[in-house]
1. Convex hull over the Cα atoms of region 16-56, averaged projected area in nm²?
2. Using only Cα atoms, locate the centre of region 16-65 and the centre of region 94-166, then give the distance between them in Å, rounded to an integer.
3. Expressed as a rounded percentage, what relative contact order does region 59-151 have, with Cα pairs under 8 Å and six or more residues apart?
4. I need the trypsin sites (Lys or Arg not before Pro) found in region 104-158, filtered to DSSP loop residues with at most 12 other beta carbons within 10 Å of theirs.
5. Treating the Cα atoms of region 32-103 as identical point scatterers in vacuum, please give the log10 of the normalised Debye intensity I(q)/I(0) at q = 0.11, 0.27 Å⁻¹, two decimals.
6. If you line up the long axis of helix 116-148 against the longest principal axis of the chain, both from Cα atoms, how many degrees apart are they, to the nearest 10?
7. If you add up the charges near V165, with Lys and Arg at +1 and Asp and Glu at -1, over every other residue whose beta carbon is less than 14 angstrom from its beta carbon, what do you get?
8. With the convex hull built on the Cα atoms of the chain, state its orientation-averaged projected area in nm².
Amino acid sequence: MFSYAHFAEHLSTALLVPLLPFIRDQFGLSYFQASLVVSAHSIISGLTNLPAGWLADRVSLRWLMGATMAGVALGTLAIGAVVGFWPLLLMVVVTAAFSGTYHPVATSFISGYFRARQRGQALGFHMIGGTLGATVAPIVGGVIAQMLGWRWAFVFLAIPALASVP
């Protein structure tokens, strides 16, 4: 389940860069605006790790993991519905905040769920899930974007994250 959640999280959040040419064309974004969207995701995702780690030590990890995955899924769905640069940037920031929260929460959750002698293997399987999600997202997202449009890629690939919430 941890590996699946990580897969689903990266399946949603690894779409932005490969689909950026479609988004840039539709909204007429400059290269600066496009790079700002990508940088905002990286910066916000990174900055949320520290407060998320602090929060993971103080609240229910089960609740926080569900909320994190719901935020990633709903943010990804919302990216598929944006109407311009500023709403896109806002939804990327929101999604990135939840994405950045995921990693310390999941690591803490795994550490508490598995015995010490199983943690390394559990974290390894968890990381495989994320890597597979980041590998599959550009391929599947690109096919969906080519066939149905970039918005549908965000909508369809948010579903696995939504399914992981429970």
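We did not get these values from a lab; they are worked out from the coordinates using the rules stated. Computed from a predicted structure; not experimentally measured. For neighbour counting, all protein chains shown are included, and Cβ atoms are generated from backbone atoms with ideal geometry for every residue, glycine included.
1. Answer in nm², one decimal: 3.3.
2. Between the Cα centre of region 16-65 and that of region 94-166, the gap is 13 Å.
3. The value is 29 percent.
4. Sparse-neighbourhood loop trypsin sites (Lys or Arg not before Pro): R115.
5. -0.27, -1.15
6. 20
7. Charge balance in the 14 Å sphere: 0.
8. Averaged projected hull area, Cα only: 8.9 nm².
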